[in-house]
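Below is one structure, written out as structure tokens, with a few remarks after it.
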Amino acid sequence: MNRDIATVGRTKEILEKYGFSFKKSLGQNFLIDPNVLRKIVSFAELKPGSGAVEIGPGIGALTENLARACERVVAFEIDQRLLPILEDTLGDYDNVTILHQDVLKADVRSVMTAYFEEDQDVMVVANLPYYVTTPILMKLLNDQIPVRGFVVMMQKEVADRLAAEPGSKEYGSLSIAVQYYTKPEKVMIVPKSVFMPQPNVDSAVVRLTKRDKPPVEVADEDFFFTITKTAFAQRRKTLLNNLTSGLENGKEKKEGILAILDSIHIDPGRRGETLSIQEFANLANALYPIFAEK
Ligand code: SAM
């Protein structure tokens, strides 16, 4: 077995060999603790025939652990400077493909069709670049890529939002969107000391297991997400105020909105953060007819 990339000594050696300097703007905080990496991979519960999609391999610390644990790894890396380094560090693994692409612009579905079998068990496993954690997750969830789930490192504060329950200050439209598609679990809190360079914030690993079907039935998914975003647009405002000021022609339709809230037994003076996902679904389904009409 090769020497682990993720030790302080080996990482420094690789960085020096290539004269690599970290780009803060790309969220480059590399993992330097083999134990943390092994745990991340174990949370993914990969089988020998599984596949893994990684975002941001860096110098390959997590990638090599994935390559040892499953059949095939496909990784998206935006930073051109890392490509020759990865060719060197991962040269011994013939089951790794590095794609020089911005994952936010990539057609991940087509990439998966090209590299994985149709019914292959695949997980997204990544130490995400923190500046784009939410856009990456939302893109991969909205695109409904064919994976069993995600094991992803992120800022602890975002992890808290993903797993938040109604009534808490972390609960918002992101919690609802993520919980609509997946079951989130915060599986590990990670200290700053396991990164090089150390980030300014605490981190956590979250496992998101895709649901077979959403926990609520909605008439129109886009409209449901519009309603949840609108309800949280200004957290201190009441639900009614957010709906009337955020929805198209909301002010003119105020009486209709009030009647609908009354019919589904939701007090217009409540704040968005107190509504359960089921209540949001009821609200979106009841409002849909009056906002869908042109
Ligand atoms: N996986 C490595 C590790 O754990 O040591 C590096 C993780 S580092 C937090 C994030 C990585 O994502 C960096 O390699 C960075 O260049 C890459 N990255 C940043 N933005 C990206 C994007 N939009 N698409 C693909 N990779 C990106």
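The values are calculated or read from the model by the stated rules, or taken from the named source; none is laboratory data. Values in this document were obtained by computation on a predicted structure and should not be read as measured data. All Cβ positions, even for glycine, are placed from backbone atoms using ideal geometry, and neighbour counts span all protein chains on display. Remember, those area values only see protein heavy atoms, side chains included, never the ligands or the DNA or RNA. Shrake-Rupley method; radii C 1.70, N 1.55, O 1.52, S 1.80 Å.
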Quick shape check on region 76-125: root eigenvalues a ≥ b ≥ c of the Cα gyration tensor, a/c under 1.5 is rounded, otherwise prolate if a/b tops b/c, else oblate, and it reads oblate
HN-Hα couplings for region 262-273 via Karplus (6.51, -1.76, 1.60; θ = phi - 60°), in whole Hz with x for Gly/Pro, come out as 5, 5, 9, 6, 10, 5, x, x, 5, 9, x, 5
Answer in debye to the nearest 20: the dipole magnitude of region 233-294 about its Cα centre, from +1 Lys/Arg and -1 Asp/Glu charges placed on Cβ, is 300
Row for region 8-210, column shape: gyration tensor on C-alpha, a ≥ b ≥ c, rounded if a/c < 1.5 i.e. under 1.5, prolate if a/b over b/c, else oblate; value oblate
For region 182-231, the charge dipole (Cβ of Lys, Arg +1; Cβ of Asp, Glu -1; about the Cα centre) points to a positive end, and the Cα of Pro215, Pro197, Ile227 closest to that extreme belongs to Pro197
Spelling it out for Gly149: with amide H atoms placed in the peptide plane at 1.01 Å from N, the residues 5 or more places away or on another chain with amide H under 5 Å from its amide H are Val124, Lys210
Of all trypsin sites (Lys or Arg not before Pro) in region 172-235, the ones in DSSP coil with at most 15 other Cβ atoms within 10 Å are Arg211, Arg235
Ordering 238-246, 251-259, 51-59 by per-residue average of other C-beta atoms within 10 angstrom, highest first, gives 51-59, 238-246, 251-259
With 0.36 nm assigned to each residue of separation and the Cα-Cα distance removed, Gln198 to Lys105 gains 30.7 nm
Counting only protein heavy atoms with a 1.4 Å probe and every protein chain in place, the carbon and sulfur fraction of the accessible surface of the chain in whole percent equals 49
Given 279-289, 97-107, the highest-first ranking by average Cβ count within 10 Å works out to 279-289, 97-107
Cross-link reach from Lys24 to lysines, straight Cα distance under 16 Å and at least 8 residues apart if same chain, gives Lys192
Residues whose modelled amide H sits under 5 Å from the amide H of Val187, counting only those 5 or more places away in sequence or on another chain, are Val205, Val206, Arg207
The answer for trypsin sites (Lys or Arg not before Pro) in region 1-76 that fall in a DSSP coil and have at most 14 neighbouring Cβ atoms within 10 Å is Arg3, Lys23
The distance between the Cα centres of region 65-133 and region 223-294, in whole Å, is 41
Extension length gain for Tyr93 and Val8 (0.36 nm per residue less Cα distance), in nm, is 28.4 nm
Dividing the helical contributions, -39500 (n - 2.57) per DSSP H run of n ≥ 4, by the residues of the chain yields a 222 nm value, nearest 500 deg cm²/dmol, of -11500 deg cm²/dmol
Of all DSSP beta bridges with both partners in the chain, the antiparallel percent, nearest 5, is 50
Placing each pseudo-label 7 Å from Cα in the direction of the beta carbon, Ala114 and Gln278 end up separated by a distance in nanometres of 4.5
For the chain, the dipole about the Cα centre with charges only on Cβ (Lys and Arg +1, Asp and Glu -1), to the nearest 20 debye, works out at 940
By the C-alpha gyration tensor axes a ≥ b ≥ c (rounded if a/c is under 1.5, else prolate when a/b exceeds b/c, else oblate), the shape of region 216-255 is oblate
Over the Cα atoms of region 138-294 the radius of gyration and the largest Cα-Cα distance (Dmax), both in Å, equal 17.4, 56
With every protein chain kept in place and a 1.4 Å probe, the chain has an accessible area per residue in Å² of 47
